[in-house]
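The values are calculated or read from the model by the stated rules, or taken from the named source; none is laboratory data. What you see is a predicted model; the values in this text were computed from it and never measured. In this analysis, Cβ positions are derived from the backbone assuming ideal geometry, glycine residues included, and neighbour counts consider all displayed protein chains. Heads up: the accessible areas ignore ligands, DNA and RNA and are worked out on the full protein's heavy atoms, side chains in. Shrake-Rupley method; radii C 1.70, N 1.55, O 1.52, S 1.80 Å.
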Amino acid sequence: MSLVEQCRQWLHQRANVPQSPKAFAEDIGRWSNTPLGQAILSEEHASIDELLRYRFGYHLCAFSHIQGCELMQESRINHKIQMVQLDGLKESLDCQSLSEKGLCEEASALPFDGSRIPLATDSVDVLLLHHCLEFSSNPHELLREAQRVLIDHGHLIITSFNPLSMYGLFANLARFFKRNQVWRRRFLTAGSSRDWLQLLGLQPLELIPHFYRLPISNSALLERSRVLEGLGKKLGALNWGASYTLVARNDVFAANALKPRWQKPANAEQFGSAAIGRQAKKEKLKLVINKGKPSAPTTE
């Protein structure tokens, strides 16, 4: 095996490591406890709280790979459902396991396998997917499931990492040199997310970028680079934040079947003339009409 093939095989192994659910939960938990992870999550939580504060309905459902994220506290919706991924293990949803996963006390727990949402069609008013698409094995299927469970004019809130940012550039480099599985997933751009949503009939409404600072896991350096936040907000149209929150609405329009409108004759005389004319044409006869009144057909 040549040196080029060995390097190519090494890069492929580093960039495409099989994702163990249990190991991934541990890796993303360690990332969320770092100063960088806490800074990004705090800005995301502030935006999500502001969005949920003005969303109303009967049922709110949320899912996040990051344990301990209470994302539904500011919502005024009474019935809250928090989906729980069981990490591929046969766990029972008892009080101890739920408290360890950091579930909201007011939320109902629901098992979730990462792609299929175990809810009825047209049953959820607001659905929140917090860092789910970039870590899902089938993000297209997950979006189809989200569109299925949402009611007409229901809202979908998606939070994802942005590859077109300094954080995304750091993640692309870190995936080859670090063993943390957080870096070894393909992040989705906001444009790709918009296109997927529009194909499913979901109308994108708002895009909120987060965290323009340097992707450094050091509290002192993060505070010093806070000046980049002002620059990033002035250039917000470029969307070069570390992550973004996308809000979409499920616009489903019902189609009414149109019945054919048949043209009726104005009076019986026109109907009689048309009927006699068709019969005469069929038998190759000559039709003589006097003063608008049909006469009997005569042969030539």
Region 37-49 - phi-based ³J(HN,Hα) in whole Hz, Karplus 6.51/-1.76/1.60, Gly and Pro as x: x, 5, 5, 5, 5, 5, 5, 5, 5, 5, 5, 5, 4
Counting only the heavy atoms of the protein chains, how much of PHE170 is accessible to a 1.4 Å probe, in Å² to the nearest 10? 70
Just for the Cα atoms in region 149-258, what are the lengths along the principal axes, largest first, rounded to whole Å? 65, 33, 19
Which distance in nm do the two modelled labels at ASP195 and LYS234 give, with both placed 7 Å along the Cα-to-Cβ direction? 3.2
Which of LEU143, ILE216, SER160, positive extreme of dipole for region 131-256 (C-beta unit charges): ILE216
So, for the Cα atoms of region 136-205, Rg and Dmax in Å stand at 14.3, 45
